[in-house]
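First comes the structure, then the notes that go with it.
The values are calculated or read from the model by the stated rules, or taken from the named source; none is laboratory data. Computed from a prediction, not measured in an experiment: that's the story for all the values here. For neighbour counting, all protein chains shown are included, and Cβ atoms are generated from backbone atoms with ideal geometry for every residue, glycine included. Keep in mind that these areas ignore ligands, DNA and RNA; they rest on the heavy atoms of the full protein, side chains included. Shrake-Rupley method; radii C 1.70, N 1.55, O 1.52, S 1.80 Å.
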Amino acid sequence: MKLYCLSGHPTLPCNVLKFKSTTIMLDCGLDTTSVLNFLPLPLVHSPRLSKLPGWISKDGTVNLEKELKECAGRVFVDSQPEFCVPERELLDLSTIDVILISNYHCMMALPYITEHTGFTGTVYATEPTLQIGRLLMEELVNFMERVPKAQSATCWKNKEIQRTLPGPLKDAVDVWTWKRCYSMQEVNSALSRVQLVGYSQKVELFGAVQISPLSSGYSLGSSNWIIQSHHEKVSYVSGSSLLTTHPQPMDQSSLKNSDVLILTGLTQMPTANPDGMLGEFCSNLAMTIRAGGNVLVPCYSSGVIYDLLECLYQFIESANLGTTPFYFISPVANSSLEFSQIFAEWLCHNKQSKVYLPEPPFPHAELIQTNKLKHYPSIHGDFSSEFRQPCVVFTGHPSLRFGDVVHFMELWGKSSLNTIIFTEPDFSYLDALAPYQPLAMKCVYCPIDTRLNFHQVSKLLKEVQPLHVVCPEQYTQPPLTQSHRSDLMLELQPPPMPYRRCSVLNLPFRRRYERVYIMPELASSLVPSEIKPGISVATVSAVLHSKDNKHTLQSVPKPPPLPPSKKRKRVIEEPPVVLAPKPLLSGAVPLEAFLATLQKHGISEVKVEETADGHILHLQAEDTLIQLEEDGTHIVCDNNEPLRTTLRDLVLRFLQKL
């Protein structure tokens, strides 16, 4: 059993598991942190960004004025942003049979895998994962296509040139593998391969293994996966949460008795309590609005935004913010808000029960009805005529490199009355803000990450007790900035097996058993013999038939009758002699009792020698050796057949015949 690791990002995993003749890809996360090295794409012409000076090395030898621009003391790539896609050279991706998706954030690289590698398999995901994943991909494509860039920067990626660049460009890894965004046509083609599954539904793969998704409690439709054969079980835990938020709670008990547990997608903010962060979010928002400022919340169009709106719904009245408009701007804003209301069976029990009242499970429906929350596809069109300040704007992208958020940064960044509140944990907020410096607006960092922290995961692993744990190497050591915090890492016995991008792990358990079925007519012909109380054994002669990873023992076919001979002479053909099978022997020859028996038969001069596998008895007078081993007995006796026969019969006294 092997695990190939194609992504170095612990919360955006992409691994391939080879297990019992199947090749299974676990998630295909897209590492979008690479976009922080690029200039923002403004929706409205920005004089500031269009007049940036090009970068030339200090000694003047490297001139990349067209590709790199200096902005706020840092150097950025002036080109369409590119993403760090999963590794494609480590193994032949066309051999992948299935792709299992755990949540909508972990499927963003799907078109790169399905459309450009010769992949012909099936993708399995839950319905909310597929539909919300489609929205996030659509939004990403829309952000890119709205602001097309003519040039594509490639010279800076040359290894010799990259070495001379200032950081962080100098330290960017695998820049040659970075790719531009896919098209909507590729998205539709990739998603047409998805087959929908429900929690605990069992799907057979080629008769070899069975896969089944379990609720992971992190987001709508998010799953952990069980991959099992008759005798082995692998659990894949990715992006799970034990907190009570809107999704169905996590199914923990089904993870028990795993031979291997692959663990990814823990919280990126182990020291930040989500409840505390929500409180801070609300208080900073209220303070800014009361002072006459605007609040900008860069966020994804699904996920944490549902919890933020729910929190604000409860907070608005008590904080006297009833008249403040809330705007949600995204190409998929409308679909996202509607989808969250119709996936009732994927919600926690409390929200499910509202559907039968009937009430919308999420309170943002009421915010929309009362006109407190308005949603728009972009800043153009209706929004520009209905927009009034002070207000709260939820929009993307959290990297601040593309999407409507770029316009609001340019619009509001110069005033200290305004505040930007970061709630998504995927990007360093200082790096996200770098091209907008110097910035007058206040910046608040309230990362809300509900995924498992190290304390919760240690408790979970104690309960489910897998034999082996595999995890990203980042989880086996404390964070670089807090090297003294041993509580911010996984400490397990035996220690977890760490992986990094491009590593191949041989997982430490061997398959020992295979299930074989016996045909009824063959089973009825068996004659079991009891070898000890409760255990019977029968010998069997059969043909082993294997197809689609199912093994069956069938009766040996009778030989066909011989065709009549053309010769005129009647030759009486004798039937072939069928020898009775030799009886099988079981048991062990006890040393002391055997020596006593030899003595009774007049063999007394016996020298006993202990070996790794048993004992060697040297009958000195007879010049004969007897090797007693756990699974066999050998008698070495030259030219004395009567003695050999006698010794054989003495050995057989201690063994059972089947």
Exercise. Classify the range 585-657: rounded, prolate or oblate, from the alpha-carbon gyration tensor (a ≥ b ≥ c, eigenvalue square roots; a/c under 1.5 rounded; otherwise prolate if a/b is larger than b/c)?
Worked result: rounded
Exercise. Which length gain, in nm to one decimal place, applies between Lys414 and Ser57 when the Cα-Cα distance is subtracted from 0.36 nm times their residue separation?
Worked result: 125.4 nm
Seminar exercise, completed: Here the range 339-344 yields Karplus 3J(HN,Hα) values (6.51, -1.76, 1.60; θ = phi - 60°; whole Hz; Gly and Pro given as x) of 4, 4, 7, 9, 8, 4
For this session: With only Lys, Arg, Asp and Glu charged, each at its Cβ (+1 for the first two, -1 for the last two), find how big the charge dipole of the chain is about the Cα centre; round to the nearest 20 debye.
Result: 1160
Seminar exercise, completed: Note, the range 415-428: 3J(HN,Hα) by Karplus (6.51, -1.76, 1.60, θ = phi - 60°), whole Hz, Gly/Pro = x, goes 10, 6, 6, 7, 9, 10, 10, 8, 10, 7, x, 6, 10, 5
For this session: Can you work out the PRE-style zone for Asp487? Point 7 Å along Cα to Cβ, and I want the residues of the range 257-273 with backbone N under 16 Å.
Result: 269-273
Exercise. How high is the relative contact order of the range 585-657, given as a whole-number percent (alpha carbon pairs under 8 Å, six or more residues apart)?
Worked result: 32
Exercise. Just how much of Glu641 is accessible, in Å², when a 1.4 Å probe is used and the result is rounded to the nearest 10?
Worked result: 100
Exercise. Farthest toward the dipole's positive end in the chain, which of Val44, Val527, Leu430, given Cβ charges of +1 (Lys, Arg) and -1 (Asp, Glu) about the Cα centre?
Worked result: Val527
Exercise. How far apart, in nm, are two points set 7 Å out from the Cα along the Cα-to-Cβ line at Glu338 and at Ser384?
Worked result: 2.6
Exercise. Cα axis of helix 127-146 to longest principal axis of the chain: angle in degrees, 0 to 90, nearest 10?
Worked result: 50
Exercise. Of all DSSP beta bridges in the chain, what percent run antiparallel (nearest 5)?
Worked result: 60
Exercise. Extension gain Gln151-Ser604, at 0.36 nm per residue separation less the Cα-Cα distance, in nm?
Worked result: 153.4 nm
Exercise. If you put +1 on each Lys and Arg Cβ and -1 on each Asp and Glu Cβ, how big is the dipole of the range 1-154 around its Cα centre, in Debye rounded to 20?
Worked result: 280
Exercise. So how tilted is helix 641-653 from the main axis of the chain? Cα-based, degrees 0 to 90, rounded to 10.
Worked result: 50
For this session: Name the residues whose placed amide hydrogens come within less than 5 Å of the amide hydrogen of Cys14, ignoring near sequence neighbours (fewer than 5 apart) on the same chain.
Result: Leu6, Ser7, Gly29
Exercise. Given R₀ = 60 Å, FRET efficiency for Leu553-Lys170 by Cβ-Cβ distance, to 0.05?
Worked result: 0.40
Seminar exercise, completed: the range 389-416 scanned against label point 7 Å out from Arg290 along Cα→C-beta; backbone N under 18 Å for 390-392
For this session: Report, in degrees rounded to the nearest 10, the 0 to 90 angle that the Cα long axis of helix 591-600 makes with the longest principal axis of the chain.
Result: 0
For this session: Enumerate the residues in the range 26-58 having an amide nitrogen under 20 Å from the point lying 7 Å beyond the Cα of Val504 toward its Cβ.
Result: 26-27
For this session: With a Förster radius of 45 Å, plug the Cβ-Cβ distance of Leu584 and Ser253 into 1/(1 + (r/R0)^6) and report the FRET value to the nearest 0.05.
Result: 0.55
Problem set entry | Cα shape, the range 1-140, gyration tensor, a/c 1.5 rule | prolate
Exercise. Trypsin sites (Lys or Arg not before Pro) within the range 1-53: which are DSSP loop residues with at most 15 other Cβ atoms inside 10 Å?
Worked result: Lys51
For this session: Could you pull out every residue, at least 5 positions away or on a different chain, whose amide H is within less than 5 Å of the one on Leu214? Hs are placed 1.01 Å off N in the peptide plane, and Pro or chain starts have none.
Result: Ser200, Asn224, Trp225, Ile226
For this session: Figure the gain on full extension for Ile535 and Thr597 (residue separation times 0.36 nm, minus the Cα-Cα span) and round it to one decimal in nm.
Result: 19.5 nm
Seminar exercise, completed: Which of [x] 1.09; [y] 1.17; [z] 1.06 gives Rg/Rh (Cα atoms, Kirkwood Rh) as computed here? It is [y]
For this session: Scan around Thr624 for amide H atoms under 5 Å from its own, H built in the peptide plane at 1.01 Å from N, and keep only partners 5 or more places away or cross-chain.
Result: Leu619
For this session: Sort Arg512, Arg180 from largest to smallest accessible area, using a 1.4 Å probe on the heavy atoms of the protein chains.
Result: Arg512, Arg180
